[in-house]
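As structure tokens, the structure follows; a few thoughts come after it.
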Amino acid sequence: MKPPIVILVSTQHPGNAGASARGAANFGVTDLRFVAPRGDVFGKEALDRAVHAKPLLEAHRVYPDLKSALHGASLTVGTTARTAIAANRFRRKPMDVRDHLVGLGSAWDGQVAYVFGPEDAGLASEDVNLLDQLVTIPTADYQSLNLAHAVTLLCYEHFRIGAPTITPERTLGPDAMQALHTAWDDLAAEVETREWRKETSTAVWRKVVGRSLPDTYEVHNIMGILTNTLKRFGHPRYRTPESEKAMKDRGLRVDGRAEAMPTDAPGNPRNREDL
């Protein structure tokens with residue numbers, strides 16, 4: 001979907017003009033138009049607030065009225081926070097902006113223009129009557145949005161319809177989760193003698209890990225801790241001559257399985273029935 005045209009009608013505050021340019025530029029807008037601005041929308045304050053989006057202001061796209069500013073748009077969309085009954089007694093109800101964009105779809109190839117009214121009163125009825133659609137941004141009880149915030153939110157919603165996700169792809173190799181579960185079960189068997197506790201830990205472990213949807217890198221990191229712990233216990237499935245030597249060199253293993261803590265020691269989990 002193409003970036004939209006953004007049209008600001010009778011903008012009063014230079015800071016809002018600059019902040020609107022900045023918000024629009026964040027989401028790919030390259031065409032910002034002003035209709036009869038009432039403030040110095042190209043002055044220092046506006047430029048300072050625009051930051052990296054100064055070119056949008058420096059293009060000086062100014063029009064005497066909304067009709068002339070709509071040229072080149074395939075679909076013109078006004079923005080409002082109100083649903084007041086017009087003088088002709090027909091209610092022009094705005095659509096939720098999300099419903100509007102779902103209706104367009106990411107494959108729509110036309111040029112959308114979003115029109116925003118002045119800060120104090122919004123779009124006038126005569127301006128709304130020139131437009132194809134009217135949309136609103138859902139809010140809580142306090143409906144009035146700052147102009148720059150409204151521009152930014154609407155441009156974001158438009159952008160995200162057709163933009164690729166930036167969420168990193170998560171991959172998980174075959175059998176990685178099963179190996180992780182096996183290591184957990186082996187560890188539970190080493191430290192717990194009660195069958196009900198081992199069965200419970202098995203179910204809880206799989207529930208928590210499955211809900212987190214780890215990737216292969218994350219699984220391998222957790223596996224490293226579990227397998228090193230099992231090597232310290234001298235578990236036959238994980239011990240190797242190399243690991244035995246490394247554990248002894250580091251003082252983490254002694255001859256005999258699980259002899260690092262005597263079975264009758266008060267701190268041994270196998271003797272703590274209150275667990």
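Strictly greater than 23 Å: what percent of every Cα pair in the chain meets that?
66 percent
Whose amide H sits under 5 Å from the amide H of T79, counting only residues 5 or more places off or on another chain, with H placed in the peptide plane?
Close amide H contacts, sequence-distant or interchain: V115, G117, V135.
For the chain, give the share of DSSP beta bridges that are antiparallel, in percent and rounded to the nearest 5; count only bridges with both residues there.
DSSP beta bridges in the chain are roughly 5 percent antiparallel.
Measuring from label point to label point, each 7 Å out along Cα→Cβ, what is the N228 to R98 span in nm?
About 4.4 nm, to one decimal.
If we restrict to alpha carbons, what Rg and Dmax does the stretch 5-162 come to, in Å?
14.7, 45
Run the numbers on the chain and let me know its relative contact order in percent, using alpha-carbon pairs under 8 Å that are six or more apart.
So the answer I get is 17 percent.
At a Förster radius of 30 Å, what calculated FRET efficiency corresponds to the Cβ-Cβ distance of V191 and T165, to the nearest 0.05?
0.15
Calculate the length of the line joining the C-alpha centroid of the stretch 91-140 to that of the stretch 1-75, in whole Å.
Taking the Cα centre of each part, the stretch 91-140 and the stretch 1-75 sit 17 Å apart.
R0 = 30 Å: FRET efficiency of Y156 with Q111, Cβ-based, nearest 0.05?
So, using R0 = 30 Å, E works out to roughly 0.95.
Values in this text are rule-based calculations from the coordinates and carry no lab data. Just so it is clear, the structure is predicted and the values come from calculations on it, not from any experiment. When we count neighbours, we look across all protein chains shown, and the Cβ atoms used for this are built from the backbone with ideal geometry, even at glycine.
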